[in-house]
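Before any comments, here is the structure.
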Amino acid sequence: MTLDHRTDYVRHVRAGIAVLVYPLQYLVSMPADFLDWTGETLASRESLQEQNADLQRENQALRSQLHKLTFIEAENRHLRELLQSSKRIGERVLIAELLSVDLDPYRKQVVVNKGHQDDLLYPGQPVVDAYGVMGKLVHVNPFSSTAMLITDPNHALPIQVNRNGLRAVAVGMGSEGLLELPHLPNNADIKEGDLLVTSGLGCVFPAGYPAARVTEVTTNPSLPFARIVAQPLAHLDRSREVLLVWPSSETLPEMQKPCSFAVEETP
Amino acid sequence: MNTGKHRGGWLILFSFVLALALTIVPLPAMLELFRPEWLAMVLIYWCMAVPTRVGVSIGWLVGLMLDVSRDALLGQYALAFALIAFLTLHLHQRLRVFPIWQQALSVGLLVTLECLIVLWIKGLTGQSPGIWKMLVPAFSSLLFWPVIYLLLRYMRRAYQVS
C-alpha cells in the first residue's frame with residue numbers, strides 16, 4: 001500500500017487486475033447504455049425532426065461564431081508574432097465515454113472507456129466536457145481509465161477570474177459537488193457570477209478552459225479569509241461523453257519553461 | 001485441488017462476481033451511502049460454510065479486485081478482507097450454530113471492522129470521509145445478511161457445494 005501511495009511500481013499490477021474487472025464494469029454499465037439506446041431508437045419522427053432543426057440552427061450560429069473566432073485567432077497569432085512570443089496551437093483531443101459504474105462513494109471519480117490500448121493517455125491528463133473542465137486521469141489501464149473530478153476533496157485546480165485575472169486555487173468540496181476557493185482575502189475583487197477559467201499554472205490543465213461560476217461570496221470581518229463557493233460548469237453528473245485533452249506546451253503559461261517536466265510526459 | 005471431493009467451485013466464483021457487480025452498479029446518490037458490503041458478506045458466508053476452500057488468500061484476492069474496481073489504494077480492501085476471512089475462519093464453528101439474528105450481528109461487527117480498517121488507511125493517506133459515514137454500510141450489511149445467508153445456503157444445498 002505504501003508502494004502504491006508513494007511510488008509508481010505497482011501500476012502494472014493494478015492495470016492487470018483492471019483488465020479482469022473491465023468486462024464486469026462494461027456489463028454493469030450495459031443496462032444504462034441499453035436504456036439510452038432504446039430511447040434513441042424509439043424516438044418519434046417528429047421529435048427527431050425537431051431536434052435536427054434545432055441542431056442545424058445551433059450549428060449555423062456556432063459556425064458563424066467560429067468564423068469570427070478563426071479571424072481573431074489569426075489576429076492573435078499575428079500580434080504574438082509581433083511580440084515574438086510563442087504562438088498557441090490547438091490541442092489534440094480524444095472523445096471517450098463514461099461507464100456508468102459506481103466507485104468509492106466518498107470520492108468523486110468516474111471510469112472512462114479509453115485506456116492506453118486506445119491512445120497515449122497518461123495519468124494527470126485533463127478531462128473536459130462540452131461545458132467546462134471535468135477533472136484529470138489518475139490511473140490509466142489497458143482498456144479503461146479512472147478520472148478524478150474537480151469536486152473531489154483531494155483535487156485542487158489552479159484558476160483565475162476571467163473578469164480581472166485574479167488567480168486562486170479551487171478545491172473540491174466532495175459530496176456537495178461544489179468548489180471552494182480558500183485563502184482569498186476579504187477584500188479580494190470577486191463577485192457572485194464571476195466566471196472562473198483555468199490559469200494553466202500547475203502545468204496540468206491548459207489555460208483558458210472555463211471551470212466554474214462563483215455562486216456564493218461570504219465575507220466575515222472576524223475571519224482572515226472570505227468564504228467563496230463556486231459551481232462547476234461541466235455537467236459532472238450528466239455528461240456521457242467527455243474529451244481527453246493533450247495540452248500543447250504552448251498553451252501552458254509562458255514563463256521560462258516552468259512546465260518542462262509536464263511537457264516531457266506529453267507525447 | 002481434488003475435484004472428486006470439491007464440487008461447485010463455479011457457484012462460489014459466480015457469487016463473488018455477482019457481488020462485485022452489485023458493488024459497482026450505479027445507485028442514486030442518496031442510496032449510495034447505504035450500499036451493503038456485498039463482497040464482504042459473500043466472503044463471510046463462504047468462509048463459514050466451506051472453510052476448507054475459501055480462506056484468507058481468496059479473501060485477499062477478492063479484496064484486490066475491489067481495490068481496483070473502486071480505484072482505491074491497492075491493498076486496502078485486500079488487507080481488510082484477509083482479516084475478516086481470518087476471523088471468520090477462526091469463528092466459523094461458533095457462527096454456524098448461531099441463530100440468524102445473532103449471525104447478523106456478528107456479520108455487522110465484521111463489516112464494521114472492515115470499514116474501520118479502510119477508514120484507518122484512508123485517514124493515513126489523508127482522505128478520511130468521517131467515521132459515521134463509513135459505518136453506514138456495516139448497518140445495511142447487518143440488515144441484508146439474512147437474505148444473503150438464506151439465498152446462498154439454498155444455492156449451496158441445491159448444487160451440493162462442498
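Candidates are the residues of region B:37-83 that are under 22 Å from B:V136 (Cα atoms) and among the hydroxyl-bearing types (S, T, Y); the one that is farthest from the chain's Cα centre (by Cα) is B:S69. Highlighted here are the strands (runs of 3 or more DSSP E) found entirely within region A:111-187 that include at least 1 residues which are in contact (Cβ under 8 Å) with a residue 12 or more places away in the chain and open to solvent by 40 Å² or more (accessible area, probe 1.4 Å): A:133-140, A:156-161, A:167-172. If you go through region B:46-58 and keep only what is touching a Leu at 6+ places or on another chain (Cβ under 9 Å) and surrounded by fewer than 22 Cβ atoms within 10 Å (Cβ to Cβ), you end up with B:A49, B:P51, B:G55, B:V56, B:I58.
Screening B:E114 against (1) open to solvent by less than 20 Å² (accessible area, probe 1.4 Å); (2) within 16 Å of the chain's Cα centre (by Cα); (3) at pLDDT below 85 leaves a single unmet condition, (3).
Taking region A:191-208, which residues are part of a loop (DSSP other than H, G, I, E, B) and buried (at least 21 other Cβ atoms within 10 Å of the Cβ)?
Taking region A:191-208 and keeping what is part of a loop (DSSP other than H, G, I, E, B), we get A:191-194, A:199-208.
Listed by number, the residues that qualify are A:S199, A:G200, A:F205, A:P206.
Checked against (1) open to solvent by 10 Å² or more (accessible area, probe 1.4 Å); (2) within 30 Å of A:G174 (Cα to Cα); (3) assigned to a loop (DSSP other than H, G, I, E, B), B:L61 passes all but a single condition, namely (3).
Do the conditions hold for A:E216, that is, is it more than 23 Å from B:A29 (Cα to Cα), open to solvent by 50 Å² or more (accessible area, probe 1.4 Å), of a type outside the set (A, V, I, L, M, F, W, C) and part of a strand (DSSP E or B)? Against the criterion (more than 23 Å from B:A29 (Cα to Cα), open to solvent by 50 Å² or more (accessible area, probe 1.4 Å), of a type outside the set (A, V, I, L, M, F, W, C) and part of a strand (DSSP E or B)), A:E216 qualifies.
Does B:L151 count as open to solvent by 40 Å² or more (accessible area, probe 1.4 Å) and over 14 Å from the mean Cα position of the chain (by Cα)? So B:L151 passes the test.
A:T38 meets all of the listed conditions (1) in contact with a strand residue (DSSP E or B) (Cβ under 8 Å, 6 or more places away or on another chain); (2) farther than 25 Å from B:A80 by Cβ; (3) at pLDDT 75 or above; (4) open to solvent by less than 90 Å² (accessible area, probe 1.4 Å) but one, namely (1).
Beta carbons closer than 6 Å, at least 6 apart along the sequence or on distinct chains, pair a first residue in region B:146-161 that is modelled with pLDDT of 90 or more with a second that is open to solvent by less than 60 Å² (accessible area, probe 1.4 Å) and of a type in the set (S, T, Y) for B:L152/B:Y45. Somewhere in region A:235-247, is a residue away from chain B (no Cβ under 14 Å), open to solvent by 60 Å² or more (accessible area, probe 1.4 Å) and without any contact (Cβ under 8 Å) to a residue 60 or more places away in the chain? The answer is no, given that none of the residues of region A:235-247 is away from chain B (no Cβ under 14 Å), open to solvent by 60 Å² or more (accessible area, probe 1.4 Å) and without any contact (Cβ under 8 Å) to a residue 60 or more places away in the chain. Criterion applied to B:A78, B:A40, B:A104 was being in a helix (DSSP H, G or I), more than 9 Å from chain A (Cβ to nearest Cβ) and surrounded by fewer than 23 Cβ atoms within 10 Å (Cβ to Cβ), and the one residue passing it is B:A104.
The values are calculated or read from the model by the stated rules, or taken from the named source; none is laboratory data. All of these numbers come straight from a predicted model, not from anything done at the bench. Glycine gets a Cβ as well: all are built from the backbone with ideal geometry, and neighbour counts include every protein chain shown. Keep in mind that these areas ignore ligands, DNA and RNA; they rest on the heavy atoms of the full protein, side chains included. Shrake-Rupley method; radii C 1.70, N 1.55, O 1.52, S 1.80 Å.
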